[in-house]
Amino acid sequence: SDNSLLCERINDEKKSRALQGLVARIIKTRIDDLSNGFKKVLEFKGTGYRARVENGKLILGMGYSHEIELDIPEGIEVSVVKNQIIIFGSHRNLIGDFAARVRDVRPPEVYKGKGIKYAGEHVRRKAGKAAQSAGAK
């Protein structure tokens, strides 16, 4: 038919069969991303933490002495709503890479939970020194 794509393998070896499925899945995912788009949502938490989009850059105020500016790659849209950074586009790898770069600016911290995390990411919290010494009495 007109709207189908056929992935055929050269031979019937195990590796060829495995790669056929892989290639077919990659193509299907890419087509889905192009037609529907792909989105990653990051959440930031911390006193005075801010984010804004300005002139094709994501500007992050994450408690450092200076603001961090990240150039937004071509083909990606970034918006900031309250404490969320929404990264949207049609190229899954580019979005994932950019989201990882944003998260690396201030990864979530295990004691107070401050930092940038993916929406839905569970940050394992640890008890601080006060909680540990209270239990040692």
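Every number here is computed from the coordinates shown, using simple stated rules; none is lab data. Source: prediction; values computed, not measured. A quick note on method: Cβ atoms are made from the backbone with ideal geometry, for glycine too, and the neighbour counts reach across all protein chains shown.
At 7 Å along Cα-to-Cβ for each site, give me the label-to-label distance between LEU19 and LYS129 in nm.
5.7
What do you get for Rg/Rh over the chain if you use C-alpha atoms and the Kirkwood form of Rh?
1.17
With the dipole of the chain worked out from charges on the C-beta (+1 for Lys and Arg, -1 for Asp and Glu) around the Cα centre, which of ILE116, GLY75, ASN3 lies farthest toward the positive end?
Most positive-ward Cα: ILE116.
What value, in deg cm²/dmol to 500, does the helix sum -39500 (n - 2.57) over DSSP H runs of n ≥ 4 give at 222 nm once divided by the residues of the chain?
-10500 deg cm²/dmol
If we count chymotrypsin sites (Phe, Trp or Tyr not before Pro) as exposed when they sit in a DSSP loop and have at most 16 other beta carbons within 10 Å, what is the longest stretch of the chain that avoids them all?
Longest gap between qualifying sites, sites excluded: 1-48.
How much FRET efficiency would the formula 1/(1 + (r/R0)^6) give for ARG101 and ILE26, where r is the Cβ-Cβ distance and R0 is 22 Å, rounded to 0.05?
Values: r = 23 Å, r/R0 = 1.05.
The value I calculate is 0.45.
Using a Cα-Cα cut-off of under 30 Å, which lysines could be cross-linked to LYS45, ignoring same-chain neighbours fewer than 8 residues away?
Straight-line reach from LYS45, under 30 Å: LYS57, LYS82, LYS112, LYS114, LYS117, LYS126, LYS129.
Give, rounded to the nearest 20 debye, the magnitude of the charge dipole that the chain has about its Cα centre when Lys and Arg contribute +1 at Cβ and Asp and Glu contribute -1 at Cβ.
I would put it at about 1060 debye.
Starting at 0 and stepping by 10 Å, how many percent of the alpha carbon pairs of region 37-118 end up in each bin?
In order of increasing distance, the bins hold 19, 56, 22, 3 percent.
Among LEU58, SER35, THR47, whose Cα projects farthest towards the positive end of the dipole of region 22-132, with charges put on the beta-carbon of Lys, Arg (+1) and Asp, Glu (-1)?
THR47
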